[in-house]
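The values are calculated or read from the model by the stated rules, or taken from the named source; none is laboratory data. As the structure is a prediction and not an experimental result, all values here were calculated from the model. Neighbour counts run over all protein chains shown; Cβ positions are idealised from the backbone, glycine included. Areas reflect the complete protein model, heavy atoms only, side chains present, ligands, DNA and RNA absent. Shrake-Rupley method; radii C 1.70, N 1.55, O 1.52, S 1.80 Å.
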Amino acid sequence: SYVFGYNNQYDGTAHGINVIAPVGATVKYGESVGTYELTSSPQYTNVCDKTVYYKIEKAGCTAVTGSAKVVITKADLTVTAKDKTITYGDVPTNDGVTYSGFVGTDDASVLDGTLGYDYNYTQYGNVGDNYSITPKNLTSTNYNITFTVGKLTVNQKEVGLTWPNTHLTFNGTEQVPTCEATGLVNGDEVGVTVIVAGEHTSVGNYTATASALTGAKAGNYKLPADNTHTFSIDEAGMAGIVATGFNNTYDGTA
């Protein structure tokens, strides 16, 4: 007779031992010594290290007993965080994970635990693409789980622009209107640099352009596509003039 055990990775199917007995012999199996109540080998699907006992009987022959092992080891499963892009000021978040290594009809439902994530980015961290998303908390009887990081990219937040003074008074010098950035978060202080092309001293209408953002946190923000605004330099009033009349008796002069 020949006896074969089983030793391999989990594959989602059932396995037992295989006994090839002489013609006319019967084989019975059990899961404990001296107990042979099964007519076929017990089958195991999940990760295990089991000993199966057998007894071979044939008329006129001495019964033969023995055992063989069924060893099923864990399969490898990789859980990878999907890359995610957020905007400066957002709470760190994710787009879930992908799985590689499931066998048969297995899917995420066979795993234990609740999928979670670790981030090396905290809210209001600076813009960049050197942040990671690391999945965690999943366990399994049948899989060795490897968690693989995904990339978290933080993009600049677009500001709004307000132009509080677009009517300036002629003073003989070049003038530009002021511009303020709106939509800032976390108490950030960001200024706006404004430029005007060409001569802008004379009375008339002009176009101002918000050209850059300034301040320690300026790198976390970007200007909107619509970053221009019209303004005017208006005529100055005649200030400081006093008119007096004349009231007296005739003296022959004008």
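Which is the longest run of the chain containing none of the chymotrypsin sites (Phe, Trp or Tyr not before Pro) found in DSSP loop states (not H, G, I, E, B) with at most 13 other C-beta atoms within 10 Å? The longest uninterrupted stretch comes out as 1-245. Spin-label pair VAL33-ASN120: with each label point 7 Å from Cα along the Cα-Cβ axis, the two points sit 5.5 nm from one another.
Rounded to the nearest 5, what is the percent of antiparallel bridges among the DSSP beta bridges in the chain? Roughly 70 percent of the DSSP beta bridges within the chain come out antiparallel. Along the stretch 190-198 the Karplus relation, 6.51 cos²θ - 1.76 cosθ + 1.60 evaluated at θ = phi - 60°, assigns HN-Hα couplings of 10, x, 10, 8, 10, 10, 10, 6, x Hz to successive residues, with x for each Gly and Pro. To the nearest 0.05, what FRET efficiency results for PHE102 and ASN8 with a Förster distance of 25 Å applied to their C-beta separation? Result of the calculation: an efficiency of 0.90.
Over the chain, with every protein chain in place, what whole percent of the accessible area is carbon and sulfur at 1.4 Å, could you tell me?
Working: 7210 of 15030 Å².
About 48 percent, which is the carbon plus sulfur part of the accessible surface.
Here the Gaussian network model covers the chain, with springs between Cα atoms less than 10 Å apart; of THR207, THR35, THR193, THR35 fluctuates the most. Contact order, relative form, for the stretch 107-234: 22 percent (alpha carbon pairs under 8 Å, 6 or more residues apart, mean separation divided by residue count). Across the options ASN126, GLY104, ALA218, the greatest Cα extent toward the positive end of the charge dipole of the chain (unit charges at beta carbon of Lys, Arg, Asp, Glu) belongs to GLY104. In this structure the amide hydrogen of ASP90, modeled in the peptide plane, comes within under 5 Å of the amide hydrogens of TYR124, none closer than 5 places in sequence on its chain.
By how many nm would the segment from THR193 to THR207 lengthen if fully extended, with 0.36 nm per residue of separation less the alpha-carbon distance? Don't jump to the answer; show the numbers that get you there.
Values: separation 14, 0.36 × 14 = 5.04 nm, distance 1.40 nm.
Full extension of this stretch gives 3.6 nm more.
Taking a straight Cα-Cα cut-off under 14 Å and skipping sequence neighbours fewer than 8 places away in the same chain, the aspartates and glutamates within cross-link reach of LYS151 are ASP83, ASP95, ASP118, ASP129. Fully extending the segment from THR173 to THR93 would add 23.7 nm, taking 0.36 nm per residue of separation and subtracting the current Cα-Cα distance.
Note that the chain presents 59 Å² accessible area per residue, ligands and nucleic acids not counted, probe 1.4 Å. When only alpha carbons of the stretch 1-45 are considered, Rg and Dmax amount to 11.8, 34 Å. Working value for the stretch 1-148: equivalent-ellipsoid semi-axes of 53, 11, 10 Å, each the square root of 5 times a Cα gyration tensor eigenvalue, largest first. Considering every alpha-carbon pair of the stretch 84-237, the percent of pairs per 5 Å bin, from zero through the bin containing the longest distance, is 2, 8, 14, 12, 10, 9, 8, 7, 6, 6, 5, 4, 3, 2, 2, 1, 0, 0.
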